[in-house]
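Each remark here refers to the structure printed beneath this line.
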Amino acid sequence: MEQTEMMLKISDLSVYYGPICALKKVDLEVRKGEIVALLGSNGAGKSTLVNTIIGLLHAKRGKIEFMGRDITRQKTETTIQSGISVVPEGRGMLANMTVMENLQLGVYRHKGVDFNKNLEMIFEYFPILKERQWQAAGTLSGGEQQMLAISRAIVGEPKLLLMDELSLALSPAYVDIIFKALIKLRNEKGFTILLAEQNAKKALQYSDRGYVLDLGETVLEGDARELMGNPYVQTAYLGA
């Protein structure tokens, strides 16, 4: 499949927290059908970039385009309705609500979505959620909560998925399950994914391309396999 259609284009983006520059002149592209890794240590600016894309933070300069439309200063609600969904760091579960109720929130304000059809898809990818559908989300294990967070993000049929620190606090077994599910979602359902992740080895293993942020600046970008072999990436992120 040729990955030619531009899904997300970020140009010369700078974001500040008061006088502190959190992102400096960042450029990034995600094309339809890609999984793109956004790498960096804690504090590098990954979550800042995700939150700026969805409008929770505002750029001081630069431009964010989604499917050719400028969304730089668009309200979060409008951006999500236009087809961008996010799996936030920390998962964002409503712990006292059931799995099913959390999933229903994923289609709130998304018109024309066949919830029951998409629910079948979710239970196919994450069978454990079918077993747990009437349990309170707060009673799930960490891995099951991450499955629920992904499912809530995809049930509304987004065009672009933003995923922030998927592997955080998960066992290696659950990390493998989650990342393999992402590949299936891309290959079988056509999802496009921007993956902000500290686990560089796992992210690059399952991504097409990647960007490396350091102190808010892009220091490397390229094919995922090339980045995996880059001496800087190996030393800083892969423990080589």
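The numbers here are math on the coordinates, done by the rules we state, and not lab data. Not measured: the values here are computed from a predicted model. Cβ sites come from the backbone with ideal geometry, for glycine too, and all protein chains shown count toward neighbours.
Observations on the structure shown:
- To the nearest ten degrees, helix 172-189 and the longest principal axis of the Cα atoms of the chain are 90 degrees apart.
- Helix 142-154 axis versus longest C-alpha principal axis of the chain: approximately 80°, rounded to the nearest ten.
- Relative to the current alpha-carbon distance between Leu105 and Asp12, full extension at 0.36 nm per residue lengthens the span by 30.1 nm.
- Stretchable slack from Arg73 to Asn42, in nm (0.36 nm times residue separation minus alpha-carbon distance): 8.6 nm
- Taken over region 179-240, the percentage of Cα pairs per 5 Å bin, counting from 0 up to the bin with the maximum distance, is 4, 17, 29, 24, 14, 8, 4, 0.
- Cβ-Cβ FRET estimate between Ile183 and Leu220, R0 fixed at 25 Å, reported to 0.05: 0.60
- Nearest-ten-degree value, helix 115-125 long axis tilted from longest Cα axis of the chain: 70 degrees
- Comparing Arg225, Arg209, Arg152 in a Gaussian network model of the chain (Cα springs below 10 Å), the most mobile by mean-square fluctuation is Arg225.
- Extension gain, Asp114 back to Asn96 (0.36 nm per residue minus Cα-Cα distance, nm): 4.0 nm
- Ordering of 45-52, 153-160, 67-74 by burial proxy (mean other Cβ atoms within 10 Å per residue, highest first): 45-52, 153-160, 67-74
- Altogether, the Stokes-Einstein calculation at 10 °C and 1.306 mPa s, with the Kirkwood radius of region 124-240 over Cα pairs as Rh, returns a diffusion coefficient of 103 µm²/s.
- Ellipsoid equivalent to region 97-140 - semi-axes via the Cα gyration tensor, in Å: 19, 14, 6
- Which of Tyr125, Tyr211 has the fewest Cβ neighbours within 10 Å, and the rest in rising order: Tyr125, Tyr211
- Region 178-228-region 1-62 distance, computed between alpha-carbon centres (Å): 14 Å
- Once the mean of 1/r is taken over each pair of separate Cα atoms and inverted, region 1-125 shows a Kirkwood hydrodynamic radius of 16.4 Å.
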